[in-house]
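> Please read through the structure below; I'll follow up with questions.
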Amino acid sequence: MSSLRTFLLQAAASGRARLFGAVSAASAPASDQRQAKRAKRPYLSASILLCSLGLLVAPAPAKTAMQEYVEAMQPGWNLGNTLDATPTETSWGNPLTTQALIQRIKAEGFKSIRIPVTWDAGTDRLGPAPTYTIDPAFLDRVQQVVDWSLEAGLYVMLNVHHDSYWMKSMPTDHDAVLNKFNAIWSQLAPRFRDYPRELMLESINEPDFFITGDGAVPDAERNALISELNTSFFNIVRGTGGGNATRPLVLPSFNTNSGQQYLDALKATMDSLNDQNLIATVHYYGLWHFSVNIAGRTTVSAEVIDNINYTIDHTYDTFVANGIPVVVGELGLLNWGPTSLSIERGEALKFFEVFTAAARAKGITWQLWDAGQLFDRTTFQWKDPELMAYYMQGLTTRSTTASTDLVFLKKNLPVQDVAIRLNLNGNAFASLQDGATTLQSGVDYTVVGDVLTLKARALSKYATGSLGEKALFTVNATAGVPWKLHVRYVDAPVASAVIDETGHDISVPMAFNGDLLATMEAKYLDGSGMDPATWTSFKEFGNAYSPDYWNNRITLKKSLFDTVKPGVFNVAFRFWSGRVERYQVLVEARSAEGGVEYPIYDDAIPSGWNDWSSWMTHDLANTTPVHSGTKSISITPSAWGGLTLQNGSASVDTSAFNTLVFWVNGGETGGQYIGLHMICDGDWNFTYFGLPPLVANTWQKIEIPLSSLGVAGRANITGVSFRHFRGEAGPTFYIDDVVLTTAKSLTAMDVYGDRAVNPNPQIQITKGGFVLNRRTNRYVQTVVVKNTGATPVTGPLYLIVDGLSANTTLANSKGSTWTELPTGSPYVQVGSGGLAANSQISVTLEFTVPSAGGITYDARVISGGANP
């Protein structure tokens, strides 16, 4: 999606749905339903009395031409993560857009398409100041997609998208930002001047502003800046004449937020422009806590519905009721990946059902945000057809949902009747099916009011055999999409012990036994919430933890431990069946051996070091962002370009050091692929270590063992080079606090031996195994085997790797020579001559990980024999 966004302000200000608001009483909180029933008869009586006195109730305002235009756009779809992706259209995982794709979107029932475009994000799409010339080839490509969309019969919204990132500096770099913004629209407006009216232009996506060191600017300044951008956009487009003289123009509120102060500011701007062809736009991803599944918000509660109603009611009252139409330019849920949601799927269905009903009732059009996670752009199939059915059904009628879509039968407990409250939403119950079999009312189930009770008779046959989903019941109503009930046979989940350290993900072995994880709590022993979000004990689904049902584990993400205090903390895994599995995790900080550091960059490079990076744009005294101190290094690499720092006076003896540590930030866009290697006496031919794609606007700590860089123990290091390794220009990123340290990298595992046994001695591991989980295509692990005893260990020495995930490929590196082992091979030869007393030997392993899984292994070391 475009960017993370929060609606805390909306949540704080939200009020209950009004009596005759966008959502019917059936979908409102119970207290509001009761209020509606009490108020209905007096309201009707009052209406009759007014008519008998000859007084007329004011009719609803007639629809404006622009309101009819916007309603004809319903529903809409976003071509997300495509022309807005950087540095190329396919960089963020989607294929090249084809005319066939656009035609299929039209055939699926969509009436409009929003085409997000990033015009300048550190790429070659935009030339330098002062003209900021758009690359002709890229502009032709954008026009081609616009043409295809219009030819398909779609309304088209074209915008300036992730450029909002560089616009954030407008408070402190006002003229430069405004000039670049104006230059872009001064080229786009003439290009599309004579296009049909079905093409509309959107000024900027999610405009936001920050002042480094001070954070967000005050609301008054925010609103003034976005008004200035919107007004400048309006004047540029209208000034080109032709079709642009009356072309529909889409203007956002600050950050497309629906907080009332931002809506009022946008309304004031529109009033000052006095133009009948304007459209207001906001974005909606739900109540933030619910959308990312944090703070225990796991269901479509009254709080979630209130937040929906707040957005719909306030945008309607501010704009639609005053003749200005509204488009929700992005509708979706946060943390919505290609294959999964962070919230339970039935709750996602309810969210879309409630929102679409509320928006339709107020004449507000929505455009689904799809970054490739919903519609497969290769097969042209929906990845979740049922979710799309609810989305499309919302165009005409409401669907019946329920308090849950999960029914749990617990092993070793008697099966009982299960009561489920239906949200009929104006419909009537029709029938209940078990697969293709229609169940009997009064025998298999009963319906009293809005309560459906599944009888034990209909459920008992599923409380046997294997665990997991056993049946799919379908609740049919008189209208709308049928509601599905997933019947699951479960036993208590069981977690297994694991010992690990901070610095990487922790994989907790978990026998789910058919159950599904709802949320997780993490607390220190004193009961306070664990870092990083100390304001709640419930952590964010997906970003802090995630279940892996296929490989029976729960991954605690590295981000959960980046700021955690060493010690013991309590974890509670809460499951949808109501069961809770409690767990304790011991976090131990690895101590530095001597604590000595050699700084390579700390607000500046050391005396005697030189900057050898003259071939690319960079700044060793960048002031924002910084990780610590007052300076960092900004790098805007050309193809294969990067940053090289060399010691021109003396080499560095690294025999006392173990790890290179630095901090890196992906800047406004992220996604850069960078890596590094060391330089020894001018020799650059050492191991190149690639990093995963950088994260936008986030400082990440990187720790790399010198052994992984091929320079462990060398006395002649003269430099380090950071490079963009995809052979293409990349957007700006930042590096700070580069040091060599004696501390052990947290990616290294030490295996200690303290005794010698003949003939086949076993080196004992001081840890109770080592468990690692990585959802990347590759992971390098350094293992140090140590004999701390006085007796030598004889024979060849082998590392045994047990329990590799299916299809994981293991390779062994010695120096610069790789010896790939057969897939599934359990052993690695570490050394041929045994291990001397009080000595050690290192081996670097590379795991190529299957895309759907990770690495889980226990390591042990033995010696002796041809093959262990």
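The values are calculated or read from the model by the stated rules, or taken from the named source; none is laboratory data. As the structure is a prediction and not an experimental result, all values here were calculated from the model. Glycine gets a Cβ as well: all are built from the backbone with ideal geometry, and neighbour counts include every protein chain shown. Keep in mind that these areas ignore ligands, DNA and RNA; they rest on the heavy atoms of the full protein, side chains included. Shrake-Rupley method; radii C 1.70, N 1.55, O 1.52, S 1.80 Å.
> What are the extents of the Cα atoms of region 333-417 along their three principal axes, in Å, largest first?
Computed over region 333-417, the largest-to-smallest principal extents equal 49, 34, 21 Å.
> My understanding is that a pair violates if its Cα-Cα distance is over 19 Å; which of Lys523/Lys558; Lys411/Lys461; Lys63/Lys350 do that in this structure?
Lys63/Lys350
> Going from most exposed to least, what order do Glu68, Glu703 have by accessible area with a 1.4 Å probe?
In descending accessible area the options line up as Glu68, Glu703.
> Just to confirm, what accessible area per residue do you get for region 443-539 at 1.4 Å probe, in whole Å²?
Result: 37 Å² of accessible area for each residue.
> Evaluate 2.2 N^0.38 Å with N set to the residue count of region 298-378, then give the Cα radius of gyration divided by it.
For region 298-378, the normalised Cα radius of gyration is 1.19.
> Under the Karplus relation 6.51 cos²θ - 1.76 cosθ + 1.60, θ = phi - 60°, what is the ordered set of whole-Hz ³J(HN,Hα) values for region 630-635, x standing for Gly and Pro?
Each residue of region 630-635 in turn: 10, 9, 9, 9, 9, 9 Hz.
> Quick one: with all protein chains in place, what share of the accessible area of region 677-720 is carbon or sulfur, to the nearest percent (1.4 Å probe)?
Here carbon and sulfur together make up 51 percent of the probe-accessible area.
> With a 1.4 Å probe and every protein chain left in place, work out the accessible area per residue of region 79-204 in Å², rounded to a whole number.
34
> If ligands, DNA and RNA are left out, what is the accessible area of Leu467 with a 1.4 Å probe, given in Å² to the nearest 10?
Rounded to the nearest 10, that gives 60 Å².
> Charges only on Cβ, +1 for Lys and Arg, -1 for Asp and Glu: so what's the dipole of region 311-357 about the Cα centre, in debye to the nearest 20?
120
> Debye sum, Cα scatterers, region 81-166, no solvent: what log₁₀ I/I(0) at q = 0.14, 0.21 1/Å?
Result of the Debye calculation: -0.50, -1.01.
> Moving on. So, with a 1.4 angstrom probe, what is the percent of accessible area on region 192-343 that is carbon and sulfur?
50
> How big is D for region 392-456, in µm² s⁻¹ as a whole number, if Stokes-Einstein is applied with the Kirkwood radius of its Cα pairs at 25 °C and 0.890 mPa s?
Answer, rounded: 184 µm²/s.
> How high is the relative contact order of region 123-184, in percent, with contacts defined as C-alpha pairs under 8 Å that are six or more residues apart?
35
> What are the aspartates and glutamates whose alpha-carbon lies under 16 Å from the alpha-carbon of Lys168, with same-chain residues fewer than 8 places away excluded?
Candidates past the 8-residue exclusion: Asp120, Glu206, Asp208, Asp214, Asp219, Glu221, Glu228, Glu668.
> Between Ile134 and residues 5 or more places away or on another chain, which pairs have amide H atoms under 5 Å apart, with H built 1.01 Å from N, and which residues are they?
Under 5 Å from the amide H of Ile134 lie the amide H atoms of Gly127, each far enough along the sequence or on another chain.
> Also, quick follow-up: At R0 = 51 Å, how high is the FRET efficiency between Ser528 and Arg193 if r is their beta carbon distance? Nearest 0.05 is fine.
0.25
> Using alpha-carbon positions, what is the distance between the centroids of region 166-196 and region 103-147, in Å?
Region 166-196 and region 103-147 have Cα centres spaced 14 Å from each other.
> Considering only protein heavy atoms and a 1.4 Å probe, what is the carbon-and-sulfur percentage of the accessible area of region 96-154?
So the carbon and sulfur contribution to the accessible surface is 53 percent.
> Averaged over every viewing direction, what's the projected area of the C-alpha convex hull for region 114-257? Give it in nm², one decimal, please.
Spelled out: convex hull of the Cα atoms, projected over all directions, averaged, 8.4 nm².
> For region 404-523, would you read off the P(r) tail past 18 Å as a percentage of all alpha carbon pairs?
The proportion of pairs with Cα distances above 18 Å equals 59 percent.
> In addition: Averaged per residue, what accessible surface does region 251-348 expose to a 1.4 Å probe, in Å²?
Using a 1.4 Å probe on heavy atoms only, each residue of region 251-348 averages 25 Å².
> Which residue, chosen from Ala280, Met270, Leu331, occupies the Cα position most advanced towards the positive end of the dipole of region 248-342, where the dipole is computed from +1 (Lys, Arg) and -1 (Asp, Glu) charges on Cβ about the Cα centre?
So the residue furthest toward the plus end is Leu331.
> If the only charges are +1 at each Lys and Arg Cβ and -1 at each Asp and Glu Cβ, what is the size of the charge dipole of region 339-470 around the Cα centre, to the nearest 20 debye?
180
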